Amino acid sequence: MSHELLLLRHLKSSWDDPTLRDHERPLAPRGIKAGNALQAYLRDEDVSPQLVLCSSATRALQTWDAVRPAFMAEPEVIVTDELYMASPDDVLHRVKAVPETVGTVMVVGHNPTIEELAAGLAGDGDPDALDRLAAKYPTGGLARLTVPSTWRDLSWESARLDAFVVPRDLT
C-alpha cells in the first residue's frame, strides 16, 4: 500500500505588527487570498488527509484553517510546538511513527524545514515539479509525495514527487 505525504509551507504571513513574537504572526491578506486558491485546488484534486500535523505558530494554524474546508472528512489534527523549530530529520522521524492505517498525512510547517524535507525525500518524480521545487518553495507551496512503502521505511530519496503547487499558479 502506498501512502501520500503532503508538505505545506504556511501561507504568507504579516510583518505589520513589530511587537508580535515570530510565533504569533498572523497571515497577511495575500496569504488569506492564496489560502482560498489552495483550498479550491485541494478540493478539485480530491485530496483527503486522515492526519494533519500542524505547527502551533499562528500562521500555520491559520493556514490549516484556510485549507480545512476543502476536505470532505475531518482528519485527526495534531497541533504541536515541536514543528515550529523542527529540523527535517525531526519531521521525518515524526512521520515515520504514523500508523500504517493512515493513508495520507499533511504536515503544515515552516521553511527551511518543509523545503529541505520535500527535496530530501523526493528521489524521483515529475521532472517539472522537481525543477520547480529545487528553484524555490514559496509560502503556500505544497509538495505531494507518494511514499511507496511503509511510513516507518520512509527515508531520504525514497518518495516520488507527484506535484508541486504554489498559490501563484492557482490564481
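Quick look at the numbers
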{"item": "Residue that is nearest to HIS3 (Cα to Cα), among those in region 134-163 that are outside any strand (DSSP E or B) and in contact with a helix residue (DSSP H, G or I) (Cβ under 6 Å, 6 or more places away or on another chain)", "result": "TRP151"}
{"item": "Candidate set from region 142-158 (those that are within 16 Å of VAL98 (Cα to Cα) and hydrophobic (A, V, I, L, M, F, W, C)); member that is nearest to the chain's Cα centre (by Cα)", "result": "LEU145"}
{"item": "From ALA122, ALA135, residue being over 23 Å from VAL79 (Cβ atoms), among the aliphatic types (A, V, I, L, M) and surrounded by fewer than 15 Cβ atoms within 10 Å (Cβ to Cβ)", "result": "ALA135"}
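All of the numbers you see were taken from the coordinates with simple rules; none came from a lab. Everything numeric here is computed off the predicted structure, so don't read it as measured data. Glycine also receives a Cβ, built like all others from the backbone with ideal geometry; neighbour counts cover every protein chain displayed.
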